[in-house]
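Novice: Quick one: the structure is below, and I'll ask about it shortly.
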Amino acid sequence: MLKGTRRWGPELEKKSCPVHLSFSRLTNNINSTMSTMSTRSAWRALHYSAKRRAFQPTTPYRCFSCANRTQEQKPDNDRLTHFGFANVPESEKETRVGAVFSSVAASYDRMNDLMSLGIHRLWKDHFVRSLNPGACLPAMTADQRGWNILDIAGGTGDIAFRMLDHATNVNHDMETRVTISDINADMLAEGRKRSLDTPYYNTSRLDFVEANAEHMPHIPDASVDLYTVVFGIRNFTDKQAALNEAYRVLKPGGVFACMEFSKVDNPVLDGIYKHWNFSAIPLIGQIVAGDRDSYQYLVESIERFPSQEEFRGMIQKAGFMIPGQGFENLTGGIAAIHKGIKPIVKA
């Protein structure tokens, strides 16, 4: 682990991400894809969205924190939370979400390409460049190199491998290391399998941990330089608890960075985007992955996630300083990057 504290770089810019598609190009891509689907299938998907029952997992789910309670009787005072558009007891959500991601793990990366028309790759590349992992930090001495990065809900390694590639190839840093933490064993298995094709396999620069981001006693206080979570926090049962844990494990001056689906700021694009989400994505999930229910949940979870401003407030509540406006919209707000900095306490 790195010693000392550090300050983060320049403030987050308020302008929109330079990596985006024009509304017309996005519209053409969506219309082209939708033309391959029958009108009857699309309307069936919309009808299904309105009347679907809450997803019921058919197989036991292996996870870090719920393995011993899956057979327990629900407590009478169990609070409700959302699972997509359904309301379920908090004690059940983790198991249900786990079943979703166990079901989609093998096809997760391929489905991301289909669902986003490949745009997620541009977003992720921009996200990593904006963080510049492996750069020399102010608190480092001449003989110190490398960041300690914790990538939460990073099961398949998509972000972690990008971080390590950037540190190695751009900043010529061979010491930066990433711990991939995920609550789902099946997602981690996919990441381990993918790591076989990287130079980081079986090295000290990459580690995999099965853990619940809302409670991480195995991560010491003030031990992490950069905490990332990409398209994962909307699935957490207690998002504020996860933000509080992020604050605890980060060093003073450390950065919380989250990329998540968000609220579109243009009515025309918003209409197109919602039509794509609720018509096409569950149908693609059924055809490609053989799992309509899981992808129906995923699009509903996007709708239930807080707005950019609301989530910024949650980050502030955890204790973080907010650089600039605190978020950067991507492709009109379809996704957004949020950042927070843990304050440096002066003696």
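Novice: Go through Ser116, Ser91 for me and flag whichever is within 27 Å of Gly285 (Cβ to Cβ), small (Gly, Ala, Ser) and either surrounded by fewer than 13 Cβ atoms within 10 Å (Cβ to Cβ) or modelled with pLDDT under 85 (or both).
Specialist: Details: Ser116 fails: either surrounded by fewer than 13 Cβ atoms within 10 Å (Cβ to Cβ) or modelled with pLDDT under 85 (or both).
Within the list Ser116, Ser91, the selection yields Ser91.
Novice: Return the residues of segment 222-257 that are part of a loop (DSSP other than H, G, I, E, B) and either among the hydrophobic types (A, V, I, L, M, F, W, C) or within 21 Å of Pro133 (Cα to Cα) (or both); say none if nothing qualifies.
Specialist: Ala222, Ser223, Phe231, Gly232, Phe236, listed by residue number.
Novice: Only residues that are at pLDDT below 95 and part of a strand (DSSP E or B): list them for segment 304-332, please.
Specialist: none
Novice: Can you tell me which condition Leu283 does not meet? The list is (1) within 20 Å of Phe231 (Cβ to Cβ); (2) crowded, with 20+ Cβ neighbours inside 10 Å, and all the others hold.
Specialist: Result: Leu283 fails condition (1) only.
Novice: Here are some residues: Ile284, Ile272. Which one is part of a helix (DSSP H, G or I), under 17 Å from His120 (Cα atoms) and in contact (Cβ under 8 Å) with a residue 60 or more places away in the chain?
Specialist: Only one candidate qualifies: Ile284.
Novice: Now for a different question. Name the residue, out of Gly319, Gly290, Gly313, that is under 29 Å from Leu114 (Cα atoms) and surrounded by fewer than 21 Cβ atoms within 10 Å (Cβ to Cβ).
Specialist: Matching residue, one of Gly319, Gly290, Gly313: Gly290.
Novice: Another question about this same structure. If Gly98 meets every condition in (1) buried (at least 19 other Cβ atoms within 10 Å of the Cβ); (2) farther than 29 Å from Arg162 by Cα; (3) modelled with pLDDT of 75 or more apart from one, which number is that one?
Specialist: Going through (1) buried (at least 19 other Cβ atoms within 10 Å of the Cβ); (2) farther than 29 Å from Arg162 by Cα; (3) modelled with pLDDT of 75 or more one by one, Gly98 breaks only (2).
The values are calculated or read from the model by the stated rules, or taken from the named source; none is laboratory data. Keep in mind that what you see is a predicted model, and the values were worked out from it rather than measured. No Cβ is skipped: glycine too gets one built from the backbone with ideal geometry, and neighbour counts run over all protein chains shown.
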